[in-house]
Amino acid sequence: MSGSGTAANASVGQPTLPGQRRSSGAARAATGHQAVREAWVVLRQRVAGLGDDDFAGPSKLPGWTRGHVVSHLARNADALVNLLTWARTGIEHAAYASRADRDADIEAGADRLPQVIREDLYAACDRFHTAITRLGDSDWDNKIMHPSGRWFPAAEVPELALFEAWNHMVDLDAGVTFDDVPVAHLDRLLDLAVRPHRARTDGESLRLAANLPDGRQRTWELAIATPSSSRELSGSSTAVLGWLTGRGDGTDLVGTPPELAAWG
């Protein structure tokens, strides 16, 4: 999310010379960055359209106001900048100093004046765009650590930003639903949403199918901790995404969905 600055319009990393091909990591990051910019245009419009009194109103996340959600998005953008710095320099730079520090920053941020909350988000997103442009092609293959303890390539960072953007725009309760997510973004969001259940080594087996608006169907074999009477679940991609992220109860899916732990 950038105003008239050039950071958001710059290409990711160093330019590719004639005859050279971008690494798969750099190409993935560039595509992800473009998707983030598209999502953040919508986010900026929604945040700008909130009245000052709306920031103190409840979001869809229990215990959080809209001010909490916007402050979280700003601090998350800064956390991702830290990870990009780690990837670029090779020096460990954790996303957050600690979970307690993260939570305290969000709480403090939610109590600020609405205009300060807005401008903080815009500035944090600009810092993210600038950080992306500083990475060279080879940097995107460097491994960094997610706050959960998972190691992953830096090329996934833009996708994490995209996931945060769309999920928390839904949480703002400001007119955005998963039906507003462009088809081109849905694959990335679904891949991230199913990851915890594909990584599990124990639990009940569940086949999940998502029908995308372009006619494709994607399927996954998941391991679910909570037993279910159904071995298969299916539905629209947006219904599947809502259920996986804890932003839908799964009643619009075919089959009986088991209870899942809520996403952040």
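Annotation: Ala35 fulfils all but one of (1) in contact (Cβ under 8 Å) with a residue 12 or more places away in the chain; (2) buried (at least 16 other Cβ atoms within 10 Å of the Cβ); (3) among the small types (Gly, Ala, Ser); (4) over 24 Å from Asp179 (Cα atoms); the unmet one is (4).
None of Ala26, Ala8 is touching an Asp or Glu at 6+ places or on another chain (Cβ under 8 Å), of a type in the set (Gly, Ala, Ser) and at pLDDT below 95 except Ala8.
Matching residues to (1) within 17 Å of Ala77 (Cα to Cα); (2) touching a helix residue (DSSP H, G or I) at 6+ places or on another chain (Cβ under 7 Å):
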| residue | (1), (2) |
| --- | --- |
| Asp103 | yes, no |
| Glu107 | yes, no |
| Leu113 | no, no |
| Asp126 | yes, yes |
| Thr130 | yes, yes |
| Pro147 | yes, no |
| Phe152 | no, no |
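Specify the residue that is surrounded by the fewest Cβ atoms within 10 Å (Cβ to Cβ); the eligible residues are those in segment 178-200 that are of a type in the set (A, V, I, L, M) and closer than 11 Å to Ala210 by Cβ. Going through the qualifying residues, I end up with Val194. Filtering Arg118, Arg127 for residues that are basic (Lys, Arg) and surrounded by fewer than 19 Cβ atoms within 10 Å (Cβ to Cβ) leaves a single hit, Arg127.
Against the test of being touching a residue at least 12 places away in the same chain (Cβ under 8 Å) and within 23 Å of Ala87 (Cα to Cα), the options Glu232, Glu221, Glu164 yield a single qualifying residue, Glu164.
Please note which strands (runs of 3 or more DSSP E) are completely contained in segment 131-227 and include at least 2 residues that are outside the structural domain of Ser237 (by TED's automatic domain parsing), among the hydrophobic types (A, V, I, L, M, F, W, C) and on the phi < 0 side of the Ramachandran plot.
Counting at least 2 such residues, we get 143-145, 151-153.
Checked against (1) at pLDDT below 95; (2) β-branched (Val, Ile, Thr); (3) touching a Leu at 6+ places or on another chain (Cβ under 7 Å), Val181 passes all but condition (1).
The values are calculated or read from the model by the stated rules, or taken from the named source; none is laboratory data. Keep in mind that what you see is a predicted model, and the values were worked out from it rather than measured. Using ideal geometry, Cβ is built from the backbone for each residue, glycine included, and neighbour counts are taken over all protein chains shown.
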